[in-house]
Structure formats: C-alpha cells, structure tokens
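Okay, so here's the structure we're looking at.
The values are calculated or read from the model by the stated rules, or taken from the named source; none is laboratory data. Remember, it's a predicted structure, so these values are computed and weren't measured experimentally. Neighbour counts run over all protein chains shown; Cβ positions are idealised from the backbone, glycine included.
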Amino acid sequence: MPPPYTLFGRTLRALGNLSPNLSGRLALRAFFVTTPRAPVRDADVDTHHAALRTRLDVRGHELVAYEWGTGRDTVLILHGWRGRASQLAPLVRELVAEGFRVVSFDAPAHGGSPGRRADIRDWVAAVEALDRLHGPFRAIVGHSLGALAALTAARTSVRTGRVAVVSGAGGPDAFLTEFARELLLDHATRAQLEARFHERLGENQDSTAARYDAVAHPLPAGTELLVVHDRGDRRMPDHDARRLHDAHVGRSAMVRTSGSGHTSILSSDVALDALTAFVRGGLAAVDDLDADVLAHAAGP
C-alpha cells in the first residue's frame, strides 16, 4: 500500500465534496502507486546475487524469476506490494539450509522487473506460471499482498498442501479499508474507489469476493494454513488475519510477534522458526515449537 499522504488525503476529501467521481479516480491511482522500488538490503545482497535468475512471461510482462537451492521439494515465496523477492531472503536462507529449493519472482514494476503498473492478477498469474515450471509446491509463503495472491492461487488454480500468510489479509477489502482509513476518505469517495477497483480487475463486488476472498471462500479441504502477524502492525492491523484464521478452524495456526511491524517481521526469529517448521512438517511441527516462544491466536 502507498505511504501516508496527509496533504493528498486532505485534497481528496475536499475534492470529494465537489466530485466523488474524480476523487475516487485519483484515489485509485494512488492506491496502485508502485514507487519507490524497494532496494536490496545490505544483509540480503549475497542471497540476492546467489539466485539462479530466469525470465518469466506473464500477462505481457517479462518478470525476473529466482531460484535457490537444489532440493527435491520446492517452496514458492511471494513478496508484497512495493516489495521484492529479496525481502524474504532470511526465509530463503532458512529453507535452503533445510534442504528445500525456493522459487520466487519480482512482480511487474517491482524489484528487478520492468513496468509501471501491476495488480494482484499479475501475482496470481506468476504463481501459475511458476507452478507449471516447478510445481507442485510443498508450500506457498506470501507476505502482505503476496499472501492474498498465495491464498487466491491455492484456492483456484495451484496445488499445495500448505499456505503461510505473513502480514496479510483474507481478501482485498482489508487493503481498501486500510487505504481509506489512512487517507480519511469520505464515504462517497470510498464507494467510487471500490467500484473502480473492481472494474480494474474486470470484476464486480460479488465476483471479486468469489475469486479473492479466502474468508468467505476458504482454502480447499486438507490445505493447512499458517497465519503470522505482528500485534503492532500499523499498515495492516491483524483484525482480518484473525478472521482468516477463524475461517479455517481445525487446520490453521496463528503465530503473533511483537515489535516487528509489517515488514521487519520477515526477519523475526519467531516468524522464521514458525514458517520453517510449517514448511517442514505442517501444523504439527508448529505446535511442537516452544510454547513460550510462539503466541497463538488464543493470546490477547
């Protein structure tokens, strides 16, 4: 999601009184801003350069795809909005050390991939393309918007027995809600934003929910879910993550960190331990971790 736009939000609110149609159009444009691109962190440079790079043709875009390790079982990892694959380098290192092969990509207009526009359809299409090349996946791990793409692909087109959601949400409404809250959008502007969002995806409200809402339409029976979220995540509060967990009773665990925020959670020891255990052995392996280290959904 875009960073805070205090002045821009005031402008949209003033414009909304005159033309909700125009303010909604401008809000949608801001919602899909992809700049600035995330740099590769110093701590992750070696992992970034160690990847085998290939090109992936997706929806008219040529994306950079990455591969680490040579294990028989493959794990797909997905970055979020305004992110890049190397943000998950700490997890890559853990999984490769466990003997897995890890694959990923930079979405259009993200990381090393060219372009100026992107939306969740690009993430899902890239997952499907990588599935044809490397699937089936032992697990799919997604961060933020990448988590929503992981859920969508696992529900609709890609075979996997395990999905891990980090700093994510169960459907696109949560991202629209947080964006509207951040800009303090008036009701009319928000309604226009939502209508134009559905149009952008070639959907309506009902069809968007059917395709992208994993709370209303859970993962297939037998697919395990791990939800990892920071208690203090200000970009995506954990309310919707809790709903996602509750929608998968009996086949989901929720691990909550404290003080990691929305993105730094990707380097959190608690998150990395839980994600690695989940990929290796599913929910049973997560349950076997030290209860004093992991705080599950029953916590406050």
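Condition check ((1) of a type in the set (F, W, Y); (2) assigned by TED's automatic domain parsing to the domain that holds S157; (3) over 17 Å from the mean Cα position of the chain (by Cα)) across all residues:
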residue: R72; (1), (2), (3): no, yes, yes
residue: V75; (1), (2), (3): no, yes, no
residue: G80; (1), (2), (3): no, yes, no
residue: L88; (1), (2), (3): no, yes, no
residue: H110; (1), (2), (3): no, yes, no
residue: P114; (1), (2), (3): no, yes, yes
residue: W123; (1), (2), (3): yes, yes, no
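Identify the single condition in (1) surrounded by fewer than 22 Cβ atoms within 10 Å (Cβ to Cβ); (2) touching a residue at least 12 places away in the same chain (Cβ under 8 Å); (3) among the small types (G, A, S) that A65 does not satisfy, given that it satisfies every other one.
It fails just one condition, (1).
Name the single residue, out of those in region 231-277 being among the charged types (D, E, K, R) and assigned to a loop (DSSP other than H, G, I, E, B), that is surrounded by the fewest Cβ atoms within 10 Å (Cβ to Cβ).
Just the residues of region 231-277 that are among the charged types (D, E, K, R), to begin with: 231, 233-235, 238, 240, 242-243, 246, 251, 256, 269, 273.
If we keep only those that are assigned to a loop (DSSP other than H, G, I, E, B) as well, we get 231, 233-235, 238, 251.
On the way: R231: 15, D233: 19, R234: 10, R235: 17, D238: 21, R251: 14.
Step by step, filter region 231-277, then rank; the result is R234.
So E94 passes all but one of these: (1) over 22 Å from R59 (Cα atoms); (2) acidic (D, E); (3) within 15 Å of the chain's Cα centre (by Cα). Which condition number does it fail?
Evaluating E94 over (1) over 22 Å from R59 (Cα atoms); (2) acidic (D, E); (3) within 15 Å of the chain's Cα centre (by Cα) leaves (3) as the failure.
Any idea which of (1) loosely packed, with under 13 Cβ neighbours inside 10 Å; (2) touching a strand residue (DSSP E or B) at 6+ places or on another chain (Cβ under 8 Å); (3) part of a helix (DSSP H, G or I) is the one L7 doesn't satisfy?
Checking L7 against (1) loosely packed, with under 13 Cβ neighbours inside 10 Å; (2) touching a strand residue (DSSP E or B) at 6+ places or on another chain (Cβ under 8 Å); (3) part of a helix (DSSP H, G or I), the one that fails is (2).
Hey, can you tell me all the residues within region 88-104 that are without any contact (Cβ under 8 Å) to a residue 12 or more places away in the chain and surrounded by 24 or more Cβ atoms within 10 Å (Cβ to Cβ)? Give the derivation first.
Pass one, region 88-104, residues without any contact (Cβ under 8 Å) to a residue 12 or more places away in the chain: 97.
Within region 88-104, no residue meets the criteria.
Any residue in region 132-140 that is under 11 Å from the mean Cα position of the chain (by Cα) and either in the same structural domain as I77 (by TED's automatic domain parsing) or surrounded by 18 or more Cβ atoms within 10 Å (Cβ to Cβ) (or both)? Even if it seems obvious, please write down each step before you answer.
Going residue by residue through region 132-140, those that are under 11 Å from the mean Cα position of the chain (by Cα) are 140.
Narrowing the set further to residues that are either in the same structural domain as I77 (by TED's automatic domain parsing) or surrounded by 18 or more Cβ atoms within 10 Å (Cβ to Cβ) (or both) leaves 140.
Within region 132-140, one or more residues are under 11 Å from the mean Cα position of the chain (by Cα) and either in the same structural domain as I77 (by TED's automatic domain parsing) or surrounded by 18 or more Cβ atoms within 10 Å (Cβ to Cβ) (or both).
Scan region 155-172 for residues that are under 17 Å from V124 (Cβ atoms), more than 13 Å from the chain's Cα centre (by Cα) and in contact (Cβ under 8 Å) with a residue 60 or more places away in the chain and report the count.
2
So is R235 assigned by TED's automatic domain parsing to the domain that holds D273, touching a Ser or Thr at 6+ places or on another chain (Cβ under 9 Å), within 23 Å of F8 (Cβ to Cβ) and of a type outside the set (S, T, Y) or not?
Answer is yes for this residue.
Looking only at region 14-29, filter to residues that are surrounded by fewer than 17 Cβ atoms within 10 Å (Cβ to Cβ) and aliphatic (A, V, I, L, M); which one of those is nearest to T189 (Cα to Cα)? Don't jump to the end; show me each part of the working.
So the first thing to find is which residues in region 14-29 are surrounded by fewer than 17 Cβ atoms within 10 Å (Cβ to Cβ), and the list is 14, 17-19, 21-22, 25, 29.
With the extra rule that they be aliphatic (A, V, I, L, M), the set shrinks to 14, 18, 22.
Working: A14: 10, L18: 10, L22: 8 Å.
Here the residue is L22.
In the list P20, P39, P2, which residue meets the criterion of being modelled with pLDDT of 95 or more and either aromatic (F, W, Y) or outside the structural domain of R234 (by TED's automatic domain parsing) (or both)?
Values: P20 fails: modelled with pLDDT of 95 or more; P2 fails: modelled with pLDDT of 95 or more.
When all the criteria are applied, what remains is P39.
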